[in-house]
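Below is one structure, written out as structure tokens; the observations come after it.
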Amino acid sequence: DDSFVLLTEQPRMAVPMFNMVEIPAGMLDGKGEFAGTAAREIHEETGLVIDSSELIELTPLDEPQGLFPSVGACDERVHFFACEKTVTDEQLDQLRGKLSGLRDDGELITLRLVRMCDLWQQTHDMKATTAMYLWDRWVHKQCQ
């Protein structure tokens, strides 16, 4: 399988880890547009320009409020999106280890490419493993 996931590696002091590997993520803007926020965060954290219309909503449609990662502690909710692109080996090489993020906002991000089949072993990020599961369900649903 030649499918890769583009991840960010950055310090997360709350954990504490100086090289937490995770999927791009961010806080919802005041407009409440989940897809628009996801596209903006992908650009800010990876440098890739993705139109929100290219994003595939992976959050189950019967869960319009999103998924709640820690219902006993907070009211945070999460929506998951994916974007599938075909790129050349040269384009992949340009992404590997690229420094990224909004430096003025203190983001010290290094991009990391991981084979999709290895993702679950390469991160402690619950969002990444959930996204991988939802992507797998979406792909298999398309094949039925």
I'd like the full set of residues that are without any contact (Cβ under 8 Å) to a residue 40 or more places away in the chain and under 10 Å from Val5 (Cα atoms), limited to segment 106-128. Asp118
Using beta carbons and a limit of 8 Å, which pairs, at least six apart or on different chains, have the first residue in segment 41-55 and over 21 Å from Asp105 (Cβ atoms) and free of Cβ contacts under 8 Å to residues at least 60 places away in the same chain and the second one of a type outside the set (A, V, I, L, M) and surrounded by 19 or more Cβ atoms within 10 Å (Cβ to Cβ)? Leu55/Phe81
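Is it true that Val21 is modelled with pLDDT of 90 or more and loosely packed, with under 10 Cβ neighbours inside 10 Å? Break it down into steps so the answer makes sense when it comes.
On the way: modelled with pLDDT of 90 or more: yes; loosely packed, with under 10 Cβ neighbours inside 10 Å: no.
Considered against the rule, which asks whether it is modelled with pLDDT of 90 or more and loosely packed, with under 10 Cβ neighbours inside 10 Å, Val21 comes out as no.
The values are calculated or read from the model by the stated rules, or taken from the named source; none is laboratory data. No experiment lies behind these values; they were computed from the predicted model shown. Backbone-built Cβ (ideal geometry, glycine too); neighbour counts: all protein chains shown.
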